[in-house]
Amino acid sequence: MEWDWDFVRQILPTLIEGVKITILATLLGSVLAAIVGLGIALARRSPNRALSRTVGFLAEFIRGTPLLVQLYFIFYVLPDFGILLPPLVAGVIGLGLHYGTYTAEVYRAGIDNVPRGQWEAAKACNLNATQTWTHIIIPQAIPPMIPALANYFIAMFKETPLLSAITVLELMNQAKSVANTYYRYIEPITLVGAFFLAISLFSVVLLRWLEHRYGRIER
Amino acid sequence: MTQWSGYFGLILQGALVTIELTLMGSVLALVMAFLAGLGRLSRFFVLRALATAYIEFFRGTSIFVQLFWAYFVLPFAGISLTPLQAGVLALGLNVGAYAAEVVRGAIKSIGREQYEACTALNLGRWQAMHHIILPQALLVMLPTFGNNAIELLKATAVVSLISLADLTFQAQVVRSQTGNTLVPFSTILVIYFVLALLISWGVRSLERRMARGLDGVRV
């Protein structure tokens, strides 16, 4: 079978509809992952043993099981308990939870990397806990984290095709439905691959820049 | 009352397929990792370019797209793969690309003095790599290889979408036959988690064995 440019032109609008959903899911998922990750990281630092152990185990469990199965779980099992979610919402929650367990590690490393002296100095200056976090620790912990966080968001972007398995009409699902309608697989699936490759190569450049900009904090 | 023992047999069959896929995928990934990782460190421009293209391509597009490409597009080029072959190929090549960077990083992390000592002892490039550099680099690679193997295990869930009867696929079968969603999906989540724990435990004990006799060497 030959590559057919006319067919490409014909299916492009449908695929672009899918791209929009893919990007939307990635953005929402990233925001959720950033928040969930912070929650997990803080809970694991909690002096309450029961809380930190439980959250630690849950995070470990989520990180050790496939995202696809978690998506099925959210989409098919939760309705049994009366929680009926639209596909996109279920997908975003799945992405956010799964990658939240990864970003939690980034936060943990970022916070641990703030030197002890900073905590001691904050105490010596009589800052309370909130002031210490907002004025001393967070401003120093965040910049070195940014490249690592961006790395996970890019990884999440590449996992979005999994959402097609729970009927989200993102890029991969649009490509599959186009392919099944016309029984031509080469163009749609190759275009999806090319799209992901293009975004990834672009994001490599972005990451280099982020690393250059934030990677090393001046001491 | 549904016949749970029969359904549990189905899930176990799925677990065997998942384990088989993980093992075969890991072997292919390991081979590709060393080929591409050493290729990127080669003296020859062509080898370096080939290895870089392979790594960037497979890290840049998502595993899902690669799997669909292998299963649906390759037949049009005259290469028909069974779902198992397509799965092993896509998983091995994808994870191999990530692991190739680990190989490269580990070899680069071996100190200059080791190379200089090799030159001083008049070892050839191959001899130096084989007897001096790789034994030390392997130990650096091992923990990350363990993480890559877990990533591979998690990625095997995707093959259920090209109708390979792995753990996730069998869970869907059980779901459609019994109408129960909670039990099959919870069971496979636990199985995946146990498999991931097994991998990390195996890698850790392998690491301890390989570290024997290397006391005092910088790792």
Failed condition for B:Leu142, given (1) within 14 Å of chain A (Cβ to nearest Cβ); (2) under 20 Å from B:Leu91 (Cα atoms), with all others met? (1)
Residues of segment B:150-161 being more than 7 Å from every other protein chain (Cβ to nearest Cβ) and surrounded by fewer than 24 Cβ atoms within 10 Å (Cβ to Cβ), in sequence order, are B:Glu151
Within segment A:43-83, how many residues are away from chain B (no Cβ under 13 Å) and either in contact with a helix residue (DSSP H, G or I) (Cβ under 8 Å, 6 or more places away or on another chain) or charged (D, E, K, R) (or both)? 10
Just a yes or no: is a residue in segment A:153-173 out of contact with any His (no Cβ under 9 Å at 6 or more places or on another chain), hydroxyl-bearing (Ser, Thr, Tyr) and buried (at least 20 other Cβ atoms within 10 Å of the Cβ)? yes
A:Thr101 vs. criteria under 23 Å from B:Tyr98 (Cα atoms) and of a type in the set (S, T, N, Q): yes
Quick check on B:Ala106: is it farther than 17 Å from B:Leu10 by Cβ and surrounded by 18 or more Cβ atoms within 10 Å (Cβ to Cβ)? yes
Does A:Leu169 qualify as being more than 14 Å from every other protein chain (Cβ to nearest Cβ), at pLDDT below 90 and assigned to a loop (DSSP other than H, G, I, E, B)? yes
Those residues of segment B:26-84 which are away from chain A (no Cβ under 12 Å) and among the aromatic types (Phe, Trp, Tyr), in sequence order: B:Phe34, B:Phe44, B:Phe45, B:Tyr54
Cβ pairs under 8 Å, 6+ apart, first in segment B:73-92 and within 15 Å of A:Trp3 (Cα to Cα) and at pLDDT below 90, second of a type outside the set (S, T, N, Q) and in a loop (DSSP other than H, G, I, E, B): B:Val73/A:Tyr185; B:Leu74/B:Leu81; B:Pro75/B:Leu81; B:Phe76/A:Met1; B:Phe76/A:Tyr185
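Okay, residues lined up against (1) in a helix (DSSP H, G or I); (2) not small (Gly, Ala, Ser):
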residue: B:Val31; (1), (2): yes, yes
residue: B:Ala36; (1), (2): yes, no
residue: B:Leu47; (1), (2): yes, yes
residue: B:Ala53; (1), (2): yes, no
residue: B:Glu56; (1), (2): yes, yes
residue: B:Leu67; (1), (2): yes, yes
residue: B:Tyr71; (1), (2): yes, yes
residue: B:Ile79; (1), (2): no, yes
residue: B:Gln85; (1), (2): yes, yes
Tally the residues that are more than 10 Å from every other protein chain (Cβ to nearest Cβ) and assigned to a loop (DSSP other than H, G, I, E, B), restricting the search to segment A:172-196. 1
Name the residue, out of B:Trp69, B:Trp126, that is surrounded by 12 or more Cβ atoms within 10 Å (Cβ to Cβ), of a type in the set (Phe, Trp, Tyr) and either within 28 Å of B:Phe57 (Cα to Cα) or at pLDDT below 90 (or both). B:Trp69
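The values are calculated or read from the model by the stated rules, or taken from the named source; none is laboratory data. Nothing here was measured: the structure is a model prediction, and the numbers come from that model. Every residue, glycine among them, receives a Cβ derived from its backbone with ideal geometry; neighbour counts consider all protein chains shown.
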